[in-house]
Amino acid sequence: MILHKSADVHIILPKAALTVIFDECDGFDEDETGGRVIGNFKAEGKTLTLHVTGIIESGPKARRSAVSFFQDGEHQERIFRKIESTCPEIEHLGNWHTHHVNGLSTLSGGDIDTYRRTVNHPKQNTPFFYALLVVARHKTNDPLRRYSIKHYIFRRGDENVYEIPHRSVEIVDAPLVWPVGSSQSPHRVHSKVPENLKIKTKPENLGALPERVYDRDILGEFYQEVRPFTSPKIGFYWRGPIDLLDGSKVQVVIVEDSSSGKLSYSIVLRDMSDALKSISEQLGKLEFPSARAAIIAAERGCNRVLYELRGNSGKINLLT
């Protein structure tokens, strides 16, 4: 990904907004989290000035994992309309979220695709989309330096991703319209999320793993029913159905192994027809460098078997 520096964007960011964001990060040291950024903007010539005046929390139905984060959009919409009723000039400037839990120091491919779609959506009210990303946590007594952050801007009709230099971000003392009258977030969502709404992906002894983010982007785009989970017995794994060329589905379970100090992945097929037992046995003997490599091999192998059963003869390697 090529990032372009943007010298024509100025951000006014209150200390209170950083406090709200960093307090939320403190509550999620293994899972991604985030929220909405609201405020005002002014465009003068080529210069765009964003003034952040509020942070809307993720919401009580937000779902999180070490590689994914889904906000509670209905809750956030209600909060935004409430603020808009007293501050009609308020705008949704963009989002903030965290990557310090998975080691990715910039926006993921999935983030970029999502924000591009958002800024170019017909209902997007502003011709830009602002993204604040938390990338690292630090041990310090300064509450405003607990985390490192980066700033990005997306523009309508422009495929480039612009990173805003820190010199263009002005940290100020200013109140927020939300949360009201406090620098502390009124919604410590991490203590209120029901267990059945959490995405369980927190193996105990693993640090930042950016490889999971790349798997998340690929599986999220092409295998949307395959989801991440964790288990006390087997640790981190992916599970779900994949579609095959004859219209059937097969369940895949992709298990992550970190026992050797280097990640590897194995795959198991479930709920399969007798015709796929041979390829299942072949796959079960292999190790893969990533979850995405494992699922692509499984899909390719199963489809080759089904293709041959339709009347195509010849001996071929099912995995190539």
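The values are calculated or read from the model by the stated rules, or taken from the named source; none is laboratory data. The model shown is predicted, which means the values in this text are computed figures rather than measured ones. Note that each Cβ is placed from the backbone with ideal geometry, even for glycine, and that neighbours are counted across all protein chains shown. Each accessible area value is taken on the protein alone, full model and side chains, heavy atoms only, with ligands, DNA and RNA left out. Shrake-Rupley method; radii C 1.70, N 1.55, O 1.52, S 1.80 Å.
Brief remarks on what is shown
Okay, residues lined up against (1) under 21 Å from the mean Cα position of the chain (by Cα); (2) under 25 Å from F69 (Cα atoms); (3) aliphatic (A, V, I, L, M); (4) surrounded by fewer than 18 Cβ atoms within 10 Å (Cβ to Cβ):
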{"residue": "P228", "(1), (2), (3), (4)": "yes, yes, no, no"}
{"residue": "G235", "(1), (2), (3), (4)": "yes, yes, no, no"}
{"residue": "K262", "(1), (2), (3), (4)": "no, no, no, yes"}
{"residue": "L276", "(1), (2), (3), (4)": "no, no, yes, no"}
{"residue": "I295", "(1), (2), (3), (4)": "yes, yes, yes, no"}
{"residue": "Y307", "(1), (2), (3), (4)": "no, no, no, yes"}
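- Looking at L13, L50, just one residue is touching a Leu at 6+ places or on another chain (Cβ under 6 Å), at pLDDT 90 or above and surrounded by 19 or more Cβ atoms within 10 Å (Cβ to Cβ), and that residue is L50.
- Within region 142-159, residues that are under 14 Å from P127 (Cβ atoms) sit with their Cβ atoms under 7 Å from residues that are of a type in the set (S, T, Y), at 6+ positions apart or across chains, in these pairs: I153/S6; I153/Y130; I153/Y162; F154/Y115.
- Residue list for region 27-73, restricted to those being of a type outside the set (A, V, I, L, M), out of contact with any Ser or Thr (no Cβ under 9 Å at 6 or more places or on another chain) and within 29 Å of K5 (Cβ to Cβ): E44, G45, K46, T47, T49, H51, T53, G54
- A count restricted to region 278-292 and to residues that are outside any loop (DSSP other than H, G, I, E, B) and open to solvent by 30 Å² or more (accessible area, probe 1.4 Å) stands at 5.
- Unique match (being surrounded by fewer than 17 Cβ atoms within 10 Å (Cβ to Cβ) and closer than 22 Å to K61 by Cα) among G103, G94, G73: G73
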